[in-house]
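Following: one structure in C-alpha cells, then a few remarks.
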Amino acid sequence: MKNIAALCVCALAGLANAGLVQHIIDTTPGGATVDGSISGGEYGGGTYFFTGGGNRFGGTLGNGRIYMDSSASDLYIGLQAGANLNDNVVIFIDSRSGGFLDADMNDTSDPGRNLSSNLTRDVNDTFDAAFVPDFSVVIGAFGIVVFELTNSSHNFQIYSGTFTGNDPSIVREISIPLSNFALSAGSTFKFFAAYGSDTNFMSNETIPAMSVNDGENPGFGDGLSSVHWENYNAFTVVPAPASLALVGLGGLFAGRRRR
Ligand SMILES: [Ca+2]
Ligand SMILES: [Ca+2]
Ligand SMILES: [Ca+2]
C-alpha cells in the first residue's frame, strides 16, 4: 500500500507541472505580412506572442518569441530569435486527433526530418499525455520547412527560403494554409518548440518554459533514460466573419432579454 500511495503522489506532482501554459485566441480578421519584421497591426498589434526558457545554446529560443496570427485562409508564424540562429528550432503542432510520438518516428534522412522525429538523439523523448503532434515546422539558417509527421518518411509540405542565415534581427515569418494543418476558422491547436543541432544535440531551450530549462542541455541524452517535454501552448484561429457577427447578435439578444 505504501508503494501505491507514493506512486500516486509522484503522478500528481508530475501533473501539477504539466500541460497547457498559454492560450492565445485570435480576434483580428487579418493575418500578418511576411516581411521579416513585426510591425503595424499584425500578430494582434504585436501582442500574440509566446515566450520560453533555457539559455544553454545562448538563448536563441529560450530568450526568443514565437508570434502567431491567422486569417480566414492562413496561419502565420514568426520566430524572433533571442540570439544567433546557429541551430534549428522545431515547432511541433498538434492540430487533429491521432499523431505520432517520438518513439513512433525515425526519419533521419536530413536534419529537419531527424529533429522532427527525434529530439534527444539517444533516448525516447516523451510529451504530455494530451499532446500528440501531427506536423512540424523547422526553422534554421537554411530557411523554413513544414512536414506532416508519419511513422516512416515525413510528408514534405512547404519550404521557404525567404529568410536564411543566422542574423537574429530578421524575424523568420511564414504563411501556411490552414488546410495544411487540418485547421479551419475558429479551430484551436497546441504546439511547443525545442532547439537542437543538425545532429540532434538538444539544447535546454523551449517555448513554453519547461523543467528541462533548469538543467544542462539534454545533448544526445548521455546518462538520461528519457527527456520529458511536459508543457505546450495553444492558439485559436480567428473565427469566420459570420461567426463574429453571430457573437455580436448573441450579445444583442442577451441584452434585449435582460430588458
Ligand atoms: Ca488574425
Ligand atoms: Ca511581418
Ligand atoms: Ca494530434
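We did not get these values from a lab; they are worked out from the coordinates using the rules stated. Predicted model only: the values in this text are computed from it and were never measured.
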Helix 2-16 versus the longest principal axis of the chain: what angle, 0 to 90°, nearest 10, using Cα atoms?
-> 50 degrees
Amide H neighbours of E173 at under 5 Å, excluding residues fewer than 5 places away on the same chain, with H built from the backbone geometry, are G36, L79
Rounded to the nearest 500, what is the 222 nm mean residue ellipticity of the chain from helices alone, with -39500 (n - 2.57) per DSSP H run of 4+ residues and division by all residues?
-> -5500 deg cm²/dmol
Quick one: helix 241-258 against the long Cα principal axis of the chain, what's the angle to the nearest 10°, folded into 0 to 90?
-> 60 degrees
Given H placed 1.01 Å from N in the peptide plane, which residues other than close sequence neighbours of A240 have an amide H under 5 Å from its amide H?
-> G186
Rounded if a/c is under 1.5, else prolate if a/b beats b/c, else oblate: with a ≥ b ≥ c from the C-alpha gyration tensor eigenvalues square-rooted, which is region 22-70?
-> oblate
Across region 118-127, in residue order, what do the Karplus-derived ³J(HN,Hα) couplings come to in whole Hz, using 6.51 cos²θ - 1.76 cosθ + 1.60 with θ = phi - 60° and x for Gly and Pro?
-> 9, 6, 6, 4, 9, 9, 7, 6, 10, 10
Let me know the shape class of region 20-243, please: from the alpha-carbon gyration tensor, a ≥ b ≥ c as square roots of the eigenvalues, rounded when a/c is under 1.5, otherwise prolate if a/b is greater than b/c, or oblate.
-> prolate
Can you list the HN-Hα couplings for region 220-225, worked out from phi with the Karplus curve (6.51, -1.76, 1.60; θ = phi - 60°), rounded to whole Hz and with x for Gly and Pro?
-> 8, x, 4, x, 9, 8
Whole-Hz Karplus couplings 3J(HN,Hα) for region 30-42, θ = phi - 60° and coefficients 6.51, -1.76, 1.60, Gly and Pro as x, run x, x, 9, 9, 7, 9, x, 8, 9, 8, x, x, 5
